[in-house]
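I am attaching a structure below and will ask some questions about it afterwards.
The values are calculated or read from the model by the stated rules, or taken from the named source; none is laboratory data. Quick caveat, the model's predicted, so the values are computed rather than measured. Cβ coordinates were reconstructed from backbone atoms using ideal geometry, including for glycine residues, and neighbour counts include every protein chain displayed. These area figures cover heavy atoms from the full protein model, side chains too; ligands, DNA and RNA do not enter into them. Shrake-Rupley method; radii C 1.70, N 1.55, O 1.52, S 1.80 Å.
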Amino acid sequence: MLAEQKGINEECGVFGIWGHDKAAELTYYGLHAMQHRGQDGAGVVVNNGNCLTSHKGLGLVNDVFKYAPFHELTGDAAVGHVRNATEGSNVYENVQPLLFQSQMKSMALAHNGNLMNTDRLRNELESQGSILQTSSDTEVLAHLIKRSGMEVNEQSIAAALNQTTGAYSFLIMTDDKMYAALDPSGIRPLSIGRIGDAYVVASESCAFDQIGATFEREVLPGELITISAHGMESTRFAIRGQRKMCAMEYVYLSRPDSNVNRVNVHASRKQMGKELAQESPADADIVIGVPDSSISAAIGFAEESGLPYEMGIIKNRYIGRTFIQPSQELREQGVKLKLAPVRGMVEGKRVVMIDDSIVRGTTSRRIVQMLKNAGAAEVHVRIASPPIEHPCWYGIDMSTYEELIAANHSLDEIRDTIGADSLAFLSESGLEQAIVRDKTIHQGICTACMTGEYPVVHDKEKALAYKKF
Ligand code: AMP
């Protein structure tokens, strides 16, 4: 897949705080709560009113902050970031926030999402004399901001954002201000909270709970928030489109205790399980979920079907997500290391196994095999989302048609590949019903990876060329 369609800031988490004397420490806690959004790198830039200081590194939040010199990271504002790197981009230079020191105004940037037109923007910038140090979209935005006007302010940020296409949330911090921006379709999540007099901005509301902050409101599509000593102001840099929050935030990515666009993630997943039980019931003895992201849907399925919910699989908490292993071989080993069947529970039973999604099919195949090896009489796989048949251009790490099993195989073929006795996916309308409960809050969700209907397309012809291989 071309870099133009896929950046490297996928599935990240951003955090910002303004007006708190423990800004760096609270950023560390906030990032810790959002560790699930990226395990490859983390960082903070703290602002003492005169200068911006950075601390960042590769690895988990705890590893990066274990030896952080907090006594040097003083200041009452900070931005932080956790990142999930794609293959080849897991290098220190790409760890965020990126910090740009300048005589005029230094600037830190943290970004979640994907800018789709960075190839062209990069070429333009380079032909005009810019030298880029990273392969990150975030650096492109920094150059656009500086090129739009000498000052980093609402106007130059808005002008830069208007040259980009994609799905993103950005946090930008200068010596005297913090800015938060969300893409015009609101595909990625971004919320504002308060702790005392301080403002907090985070990808997920679980970061607010972690630090004792209260949720204030969502950043709106196309909105640019400015936070400074004068409080918070809102401007709009783009015409606000219908909000299309990423469905995968609910299906898989976000933490169950988070509210994404004011809908609780656990509640939506439980409802996905209920809808699935109504649509595709199974003649079975017990319902089990693949930990952790499928537990909520499995509880919903069990509740709706009247079957007992059991713990059929346990997860070793000390192993990272299988998905982030760089090769298929390691990925397959990863599932074995990570999950174990509860033999005493599944032996001789007809099991309904709920998973939240099938991307490559590796996880389901391994788990079905594992359950059968543990003596399960039958394994009926129920997936709490529709088949993923199209790549994501907006920051979820599913990038090519080739890797998506549902793009290349029929339902029966997938069932046979994963070795299940039966297989069913949640319908698109079932998914939508589970998430969009209140039309006054939700106008819609982005289901491009399931339907191929991309809400943001930067080059129609190129989009069509991507339709198949
Ligand atoms: P697989 O079908 O083996 O590629 O993996 C599917 C599993 O990965 C599901 O059980 C999800 O929990 C998880 N998953 C789904 N989407 C993603 C994603 N974009 N990044 C990481 N893991 C994911």
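So which residues in segment 218-243 are closer than 24 Å to Val263 by Cβ and of a type in the set (Asp, Glu)?
Of everything in segment 218-243, those that are closer than 24 Å to Val263 by Cβ and of a type in the set (Asp, Glu) turn out to be Glu218, Glu223.
Has segment 262-276 got any residue that is of a type in the set (Asp, Glu), in contact (Cβ under 8 Å) with a residue 12 or more places away in the chain and closer than 28 Å to Ala142 by Cα?
Looking for residues that are of a type in the set (Asp, Glu), in contact (Cβ under 8 Å) with a residue 12 or more places away in the chain and closer than 28 Å to Ala142 by Cα, one finds none in segment 262-276, hence no.
Sticking with this one: Identify the single condition in (1) open to solvent by less than 10 Å² (accessible area, probe 1.4 Å); (2) part of a helix (DSSP H, G or I) that Gln96 does not satisfy, given that it satisfies every other one.
Going through (1) open to solvent by less than 10 Å² (accessible area, probe 1.4 Å); (2) part of a helix (DSSP H, G or I) one by one, Gln96 breaks only (2).
Has segment 327-337 got any residue that is within 16 Å of the ligand (Cβ to nearest atom), in a strand (DSSP E or B) and either over 28 Å from Cys206 (Cα atoms) or at pLDDT 95 or above (or both)?
No, segment 327-337 has no match at all.
Is it true that Leu109 is part of a strand (DSSP E or B), open to solvent by less than 10 Å² (accessible area, probe 1.4 Å), out of contact with any His (no Cβ under 8 Å at 6 or more places or on another chain) and closer than 30 Å to Lys22 by Cα?
So Leu109 passes the test.
Another one. Run Gly273 past the list (1) within 16 Å of the ligand (Cβ to nearest atom); (2) closer than 13 Å to Glu204 by Cα; (3) open to solvent by less than 50 Å² (accessible area, probe 1.4 Å) and report the number of the one that doesn't hold.
Status for Gly273: all satisfied but (2).
Check Glu223 against each of (1) surrounded by fewer than 22 Cβ atoms within 10 Å (Cβ to Cβ); (2) touching a Ser or Thr at 6+ places or on another chain (Cβ under 7 Å); (3) under 17 Å from Leu26 (Cα atoms) and name the one condition it does not meet.
(3)
Next question. So, in segment 7-27, how many residues would count as being within 16 Å of the ligand (Cβ to nearest atom) and either modelled with pLDDT of 80 or more or open to solvent by 30 Å² or more (accessible area, probe 1.4 Å) (or both)?
Qualifying residue count for the region: 2.
Right, next: Could you please find all residues in segment 346-361 being more than 8 Å from the ligand (Cβ to nearest atom) and surrounded by 24 or more Cβ atoms within 10 Å (Cβ to Cβ)? Don't jump to the end; show me each part of the working.
First, pick out the residues of segment 346-361 that are more than 8 Å from the ligand (Cβ to nearest atom): 346-354.
Val346, Val351, Val352, Met353, Ile354, listed by residue number.
Further, regarding this structure: Based on what the data block shows, is Asp119 surrounded by fewer than 18 Cβ atoms within 10 Å (Cβ to Cβ) and either outside the structural domain of Val201 (by TED's automatic domain parsing) or closer than 22 Å to Arg188 by Cβ (or both)? Working first, answer last.
On the way: surrounded by fewer than 18 Cβ atoms within 10 Å (Cβ to Cβ): yes; either outside the structural domain of Val201 (by TED's automatic domain parsing) or closer than 22 Å to Arg188 by Cβ (or both): yes.
Against the criterion (surrounded by fewer than 18 Cβ atoms within 10 Å (Cβ to Cβ) and either outside the structural domain of Val201 (by TED's automatic domain parsing) or closer than 22 Å to Arg188 by Cβ (or both)), Asp119 qualifies.
Hey, does segment 135-150 have a residue that's under 16 Å from Val44 (Cβ atoms) and touching a residue at least 24 places away in the same chain (Cβ under 8 Å)?
yes
Can you name every one of the strands (runs of 3 or more DSSP E) wholly within segment 165-205 that holds 1 or more residues which are open to solvent by 10 Å² or more (accessible area, probe 1.4 Å)?
In segment 165-205, the matching strands (runs of 3 or more DSSP E) lie at 191-195, 198-202.
Right, something else. Taking segment 394-434, which residues are open to solvent by less than 60 Å² (accessible area, probe 1.4 Å), closer than 26 Å to Asn112 by Cα and away from the ligand (no atom under 16 Å from the Cβ)?
Ala434
Within segment 238-268, how many residues turn out to be open to solvent by 20 Å² or more (accessible area, probe 1.4 Å) and touching a strand residue (DSSP E or B) at 6+ places or on another chain (Cβ under 6 Å)?
Result for segment 238-268: 1.
What tally of residues in segment 286-308 results from selecting those that are under 22 Å from Ser254 (Cβ atoms) and open to solvent by 50 Å² or more (accessible area, probe 1.4 Å)?
Total meeting the criteria: 3.
Which one is farthest from the ligand (Cβ to nearest atom) among residues in segment 362-393 that are within 18 Å of Ser427 (Cα to Cα) and open to solvent by less than 10 Å² (accessible area, probe 1.4 Å)?
Here is the first cut: in segment 362-393, the ones within 18 Å of Ser427 (Cα to Cα) are 380-390.
Remaining after also requiring open to solvent by less than 10 Å² (accessible area, probe 1.4 Å): 381, 383-386, 388.
Details: Val381: 11, Ile383: 9, Ala384: 10, Ser385: 9, Pro386: 13, Ile388: 8 Å.
Among those that are within 18 Å of Ser427 (Cα to Cα) and open to solvent by less than 10 Å² (accessible area, probe 1.4 Å), it is Pro386.
Could you pull out the residue among Met173, Met116, Met104 that is closer than 27 Å to Cys392 by Cα and either under 25 Å from the mean Cα position of the chain (by Cα) or of a type outside the set (Ser, Thr, Tyr) (or both)?
Exactly one residue qualifies, and that residue is Met116.
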